[in-house]
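Participant: Below are the structure tokens for one structure; questions will follow.
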Amino acid sequence: MGTARHMVTGGRRPGQDGEARRTAHRTDRTRGAWGHAVVIGAGFTGLLAARVLSARFARVTVVERDRLPPGTTHRSGLPQGRHPHGLLARGADIVEELFPGIRGDLAARGAPVFDFGSGFATRLPHGWAPRATVGVEAQSFDLTALESALCDRVRALPQVRFRDGFAVEGLELSADRRRAVAVLGRGRGCDDPDRAPVRIGADLVVDAGGRTSRLPAWLAAAGLPRPEERRVASPLVYSSRMYELPEGEAPEWLVSFEMTFPPLVSRGGAAITVDGTHRLVSLVAPAGQLPPPRDDAALREFAGSLRNPHFADVMTHSRPTTPAYRCPVGGNHWIRYHRLRRCPDRLLVLGDAFCAFNPVYGQGLTVAALQARLLGRLLAGAAAPAGIARRFQRHAARIVLFPWLTATAADQGWSAAPPPPVARCVRRFLDTVMRRAPENPVLYAHFVRVQNMLVSPLVLLRPSLLRHLLRRTPRAGGEARAG
Ligand SMILES: Cc1cc2nc3c(=O)[nH]c(=O)nc-3n(C[C@H](O)[C@H](O)[C@H](O)COP(=O)(O)OP(=O)(O)OC[C@H]3O[C@@H](n4cnc5c(N)ncnc54)[C@H](O)[C@@H]3O)c2cc1C
């Protein structure tokens with residue numbers, strides 16, 4: 001590699017990274033390992049990426065803008081951590097594959113494991129989903145508990161080190177701009193008083209910086225084409241609060257959900273039992289319709305206006321243990337790196353930094369897990385890191401296609417403009433499934449498997465299931481309360 005490098009950031013030339021200097025002389029401890037991988041972001045995606053990279057790279061550095069607090073303390077770079085998360089069965093399987101025993105660790109911390117059909121009380125747009133066992137295992141937990149458990153596991157990997165309180169501000173490319181060679185950034189803490197710019201050399205850079213990733217701007221600043229972006233807006237906002245269950249109360253449900261499906265259903269909610277004693281309850285609506293977080297009475301009244309009574313029940317009968325926190329859903333975006341004709345090699349993008357969804361179908365974590373698994377497989381099958389980035393982005397685009405279509409088909413309902421033809425078809429199909437599901441446990445059981453990404457959505461087009469979908473019935477029969 002020549003010494004002339006293309007710096008994709010402003011400011012003075014960064015100094016040599018002290019830690020990098022200290023470790024530069026170290027030879028790879030892993031025979032045949034590929035040197036140093038740098039992961040931007042210690043969120044869910046960054047942690048999974050670090051895990052798979054550790055199998056091939058001698059060193060993996062995870063750089064994180066926030067200081068990583070101990071245990072399950074919330075941090076500002078993870079605003080969604082205050083809000084209910086569901087990890088779909090497929091995502092949970094991948095996490096267990098990458099971190100054997102993690103499900104048990106979480107269960108030991110109180111996260112219940114249950115059947116998706118019987119543990120969930122789900123209010124679909126046209127009625128209640130059947131409450132019958134479907135053979136799909138679910139586990140509910142606080143996102144911070146999951147990330148803290150993952151972080152402990154990743155910290156224990158000898159190849160991985162964390163550099164928290166460090167914000168990446170740019171990339172350094174090779175002189176011909178064909179590959180990424182370093183990240184550039186600076187510390188944010190008081191132990192870094194002059195906040196001198198620092199260069200961290202890398203043989204592979206992984207951007208797992210989430211929705212706030214600045215990679216498109218960094219590429220543009222390097223004179224490279226900016227990737228095309230697809231965006232479908234969602235006006236939804238979550239307002240969430242933790243409650244303590246009344247002592248001795250045996251929960252009738254472990255997760256309760258009222259799905260939004262605009263324009264038919266524009267308000268909803270989600271509540272999850274995070275351990276034997278607490279529930280995290282969230283109300284979801286367009287920003288202007290949700291009362292302010294401090295207005296308890298108005299929030300309870302809002303909850304009482306929903307068709308799912310469980311949120312109001314918890315809010316009325318349980319003691320809140322936190323304030324209410326608001327968070328915008330943030331809409332859907334897909335940054336189409338796979339279409340870039342000139343994208344530097346040794347640079348890849350995962351998770352929300354690449355494609356983020358309205359969480360209505362709870363897909364973000366599972367799609368990130370699928371991408372981490374894909375990366376692991378590409379790394380395992382390659383002789384060198386060169387060329388992996390392009391292959392990864394191409395395959396990752398296939399992973400996000402169906403989740404993107406389902407999330408955005410639902411969100412087209414917010415717009416007065418006619419949806420594009422594909423979105424219109426997907427919407428009509430989803431609407432039919434959800435219309436039929438309340439009256440049809442067989443169909444619902446298959447839908448749950450599709451929703452959990454255990455099988456392809458095309459399964460629903462099998463003649464045996466299509467028959468259920470096409471049958472005309474006078475009215476969905478699921479209006480009864482969940483029981
Ligand atoms: C309200 C809400 C509810 C949701 N519910 C669900 C759900 O039920 N199920 C589901 O699967 N998904 C859900 N999601 C989506 C899910 O939260 C995301 O898909 C997932 O957390 C994305 O993880 P990530 O690691 O890609 O990004 P993030 O979690 O955003 O992590 C990115 C990290 O990178 C760091 N970072 C960013 N830029 C830099 C930089 N320049 N330098 C250093 N560090 C940087 C940030 O501080 C952060 O820690 C929900 C999202 C929201 C908002």
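Participant: Please tell me if Asp203 is acidic (Asp, Glu) and open to solvent by 10 Å² or more (accessible area, probe 1.4 Å).
Facilitator: Values: acidic (Asp, Glu): yes; open to solvent by 10 Å² or more (accessible area, probe 1.4 Å): yes.
For Asp203, the condition - acidic (Asp, Glu) and open to solvent by 10 Å² or more (accessible area, probe 1.4 Å) - is met.
Participant: Right, another one. Show the residue pairs meeting these rules: Cβ distance below 7 Å; 6+ apart or different chains; first residue within segment 444-463 and open to solvent by less than 20 Å² (accessible area, probe 1.4 Å); second residue not in a helix (DSSP H, G or I).
Facilitator: Short answer, once both residue conditions are applied: Tyr444/Ala129; Tyr444/Pro130; Val448/Val134; Val448/Val136; Asn452/Leu88; Asn452/Val136.
Participant: Given the residues Gly223, Gly185, which is the only one that is in a strand (DSSP E or B) and of a type outside the set (Asp, Glu)?
Facilitator: Gly185
Participant: Going through segment 207-246 one residue at a time, which ones are among the aliphatic types (A, V, I, L, M), out of contact with any Ser or Thr (no Cβ under 8 Å at 6 or more places or on another chain) and closer than 26 Å to Ala271 by Cβ?
Facilitator: Val237 - this is the single residue of segment 207-246 that is among the aliphatic types (A, V, I, L, M), out of contact with any Ser or Thr (no Cβ under 8 Å at 6 or more places or on another chain) and closer than 26 Å to Ala271 by Cβ.
Participant: Could you tell me which of the residues Val237, Val281 is part of a strand (DSSP E or B), β-branched (Val, Ile, Thr) and buried (at least 22 other Cβ atoms within 10 Å of the Cβ)?
Facilitator: Val281
Participant: Scan segment 68-88 for residues that are under 16 Å from Ser140 (Cα atoms) and either surrounded by fewer than 20 Cβ atoms within 10 Å (Cβ to Cβ) or within 7 Å of the ligand (Cβ to nearest atom) (or both) and jot them down.
Facilitator: At the first step, the residues of segment 68-88 found to be under 16 Å from Ser140 (Cα atoms) are 72, 80-88.
The answer is Thr72, Gln80, His83, Pro84, His85, Gly86, Leu87, Leu88.
Participant: In addition: With within 14 Å of the ligand (Cβ to nearest atom), within 30 Å of Leu264 (Cβ to Cβ) and not assigned by TED's automatic domain parsing to the domain that holds Arg179 as the only criterion, which of Ala324, Ala417 stands out? Quick ask: steps written out before the conclusion?
Facilitator: Values: Ala417 fails: within 14 Å of the ligand (Cβ to nearest atom).
Going through Ala324, Ala417 in turn, the sole match is Ala324.
Participant: Just for segment 115-172: of the residues that are assigned to a helix (DSSP H, G or I) and free of Cβ contacts under 8 Å to residues at least 40 places away in the same chain, which one is least open to solvent (accessible area, probe 1.4 Å)?
Facilitator: Ser118
Participant: Being in contact (Cβ under 8 Å) with a residue 60 or more places away in the chain and open to solvent by 10 Å² or more (accessible area, probe 1.4 Å) is the filter; apply it to segment 365-379 and report the residue that is farthest from the chain's Cα centre (by Cα).
Facilitator: Gly376
Participant: Okay, next question. I'm told Ala107 meets every condition in (1) touching a residue at least 24 places away in the same chain (Cβ under 8 Å); (2) within 16 Å of the ligand (Cβ to nearest atom) except one. Can you identify the failing condition by its number?
Facilitator: Checking Ala107 against (1) touching a residue at least 24 places away in the same chain (Cβ under 8 Å); (2) within 16 Å of the ligand (Cβ to nearest atom), the one that fails is (2).
Participant: With in the same structural domain as Val183 (by TED's automatic domain parsing), open to solvent by less than 20 Å² (accessible area, probe 1.4 Å) and touching a helix residue (DSSP H, G or I) at 6+ places or on another chain (Cβ under 7 Å) as the only criterion, which of Val62, Val95 stands out?
Facilitator: Values: Val95 fails: in the same structural domain as Val183 (by TED's automatic domain parsing).
Result: Val62 is the single residue among Val62, Val95 that is in the same structural domain as Val183 (by TED's automatic domain parsing), open to solvent by less than 20 Å² (accessible area, probe 1.4 Å) and touching a helix residue (DSSP H, G or I) at 6+ places or on another chain (Cβ under 7 Å).
Participant: Quick check: is even one residue across segment 249-268 of a type in the set (Ser, Thr, Tyr), open to solvent by 20 Å² or more (accessible area, probe 1.4 Å) and either assigned to a strand (DSSP E or B) or away from the ligand (no atom under 13 Å from the Cβ) (or both)?
Facilitator: There is at least one residue in segment 249-268 that is of a type in the set (Ser, Thr, Tyr), open to solvent by 20 Å² or more (accessible area, probe 1.4 Å) and either assigned to a strand (DSSP E or B) or away from the ligand (no atom under 13 Å from the Cβ) (or both).
The values are calculated or read from the model by the stated rules, or taken from the named source; none is laboratory data. Please read these numbers as outputs of a predicted model, since none were measured by experiment. Neighbour counts are summed over all protein chains in view; Cβ atoms, including those assigned to glycine, are modelled from backbone coordinates with ideal geometry. Keep in mind that these areas ignore ligands, DNA and RNA; they rest on the heavy atoms of the full protein, side chains included. Shrake-Rupley method; radii C 1.70, N 1.55, O 1.52, S 1.80 Å.
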